[in-house]
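Chemist: Quick one: the structure is below, questions incoming.
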Amino acid sequence: MSNNLLAGKKGIITGALDENSIAWKVALKAKEQGAKFVLTNAPVALRMGGIQELAKECNTEVIPADATSVDDITKLYTESKEILGGNFDFLLHSIGMSPNVRKGKAYNDLNYDWLQKTYDISAVSFHKMMQTADKMDIMNEYGSILGLSYIAAQRTYPFYNDMADAKALLESIARSYGYHFGKRKNVRVNTISQSPTPTTAGSGISGFESFYNFAEKMSPLGNATAEECADYIIMMFSDFTKKVTMQNLFHDGGYSFTGISEELIEEMK
Ligand code: NAI
């Protein structure tokens, strides 16, 4: 159901790979709520997924951009401004990848070249997206910028490997850039710390199913779905959250503040 929460708003949505992607759901909901946006993903991802179909459904275009390349981001913004007919009100960073995770390297046997890639793709790209937007002065006043995080940024989840450190950096970048963007342009910057979600990135983590089930039993409201995450993102892009900035916002059914649940105690008996 549409309340036109994003009527007249323009933006960029990264990271829609397939229909399970959090960004995919965001695109459909943003369209439903009246936003205009451009979709983007890494050139290699465009060859794999059905993002062109999503673009058709959302009446928009896809511009390939590797989020680690400032040149690609600059081109993305320049062309998107042309397509959308103006500056942006929202940016979604929904990007994560670790070559160490993908190739099964343990945390105590990391390949450091790959570690740099993990940081660059999963965290520094957030800074690059913001610094480029800042330099091009392409964000409208009271715009909203969001990244997606996971609780392993703050507490140890051994299976999350070097992505845990990348997420800690991502959350720190949101705080640091949030200050600068807030002061200069009244733009807000936040991260949403989402429940485990069955997507390509999520299920690539070893033991995903077990920790998904564990989190489901631990959370009083149960795990938050990709669809529910998209709803939260829409609210964060709307004018109802104008003064929320520099935060890491838990969207996890209460998981992060639950010590233990009765279901889990039962299982330990
Ligand atoms: P996904 O696999 O559908 O999305 C990840 C996206 O990152 C893909 O579209 C991929 O093509 C893109 N990407 C990778 N390298 C890139 C590059 N160099 N340039 C541009 N794009 C690139 O998975 P999901 O779950 O929708 O991931 C979105 C975000 O949510 C990620 O930041 C992820 O870490 C985060 N997240 C996911 C959770 C989960 O359990 N699935 C839990 C908490 C956070």
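The values are calculated or read from the model by the stated rules, or taken from the named source; none is laboratory data. Just so we're clear, the structure is a prediction, and the values are computed from it rather than from any experiment. Glycine also receives a Cβ, built like all others from the backbone with ideal geometry; neighbour counts cover every protein chain displayed. Surface accessibility is based on the protein's heavy atoms, side chains included, excluding ligands, DNA and RNA. Shrake-Rupley method; radii C 1.70, N 1.55, O 1.52, S 1.80 Å.
Chemist: Run the helix sum for the chain: -39,500 (n - 2.57) per DSSP H stretch of 4+ residues, divided by residue count, reported at 222 nm to the nearest 500 deg cm²/dmol. All intermediate terms of the calculation are to be shown ahead of the outcome.
Modeler: Details: 12 runs with 119 residues, N = 269.
Taken over the chain, the calculation gives -13000 deg cm²/dmol.
Chemist: For a quick check of your reading of the filter: which trypsin sites (Lys or Arg not before Pro) in region 13-106 sit in a DSSP loop and have no more than 10 other Cβ atoms within 10 Å? Working shown, then result.
Modeler: Working: sites: Lys25, Lys29, Lys31, Lys36, Arg47, Lys56, Lys75, Lys81, Arg102, Lys103, Lys105; in loops: Lys103, Lys105.
Filter output for region 13-106: Lys103.
Chemist: Between the helical axis of 70-84 and the dominant principal axis of the chain, each derived from Cα atoms, what acute angle in degrees is found, rounded to the nearest 10?
Modeler: The two axes meet at around 60 degrees.
Chemist: Considering only protein heavy atoms, what per residue accessible area in square angstrom results for region 10-268 with a 1.4 angstrom probe?
Modeler: 47
Chemist: Where does helix 125-135 land angle-wise versus the long Cα axis of the chain, in degrees 0 to 90, nearest 10?
Modeler: Tilt relative to the chain: about 20 degrees.
Chemist: Filter Lys10/Lys167; Lys36/Lys185; Lys81/Lys135; Lys31/Lys183; Lys135/Lys183 down to the pairs with a C-alpha to C-alpha distance above 25 Å, please.
Modeler: Numbers: Lys10/Lys167 27 Å; Lys36/Lys185 21 Å; Lys81/Lys135 14 Å; Lys31/Lys183 30 Å; Lys135/Lys183 15 Å.
Over 25 Å apart, Cα to Cα: Lys10/Lys167; Lys31/Lys183.
Chemist: Now for a separate question. Given a 1.4 Å probe and every protein chain left where it sits, what share in percent of the accessible area of the chain is carbon and sulfur?
Modeler: Carbon and sulfur atoms account for 51 percent of the accessible area of the chain.
Chemist: Dipole size in debye (nearest 20) for region 178-269 around its Cα centre, Lys and Arg Cβ +1, Asp and Glu Cβ -1? Mind dumping the intermediate values first?
Modeler: Numbers: 8 positive and 11 negative charges, 195 e Å.
About 940 debye.
Chemist: How large are Rg and Dmax for the chain when only the alpha carbon atoms are used, in Å?
Modeler: 18.0, 62
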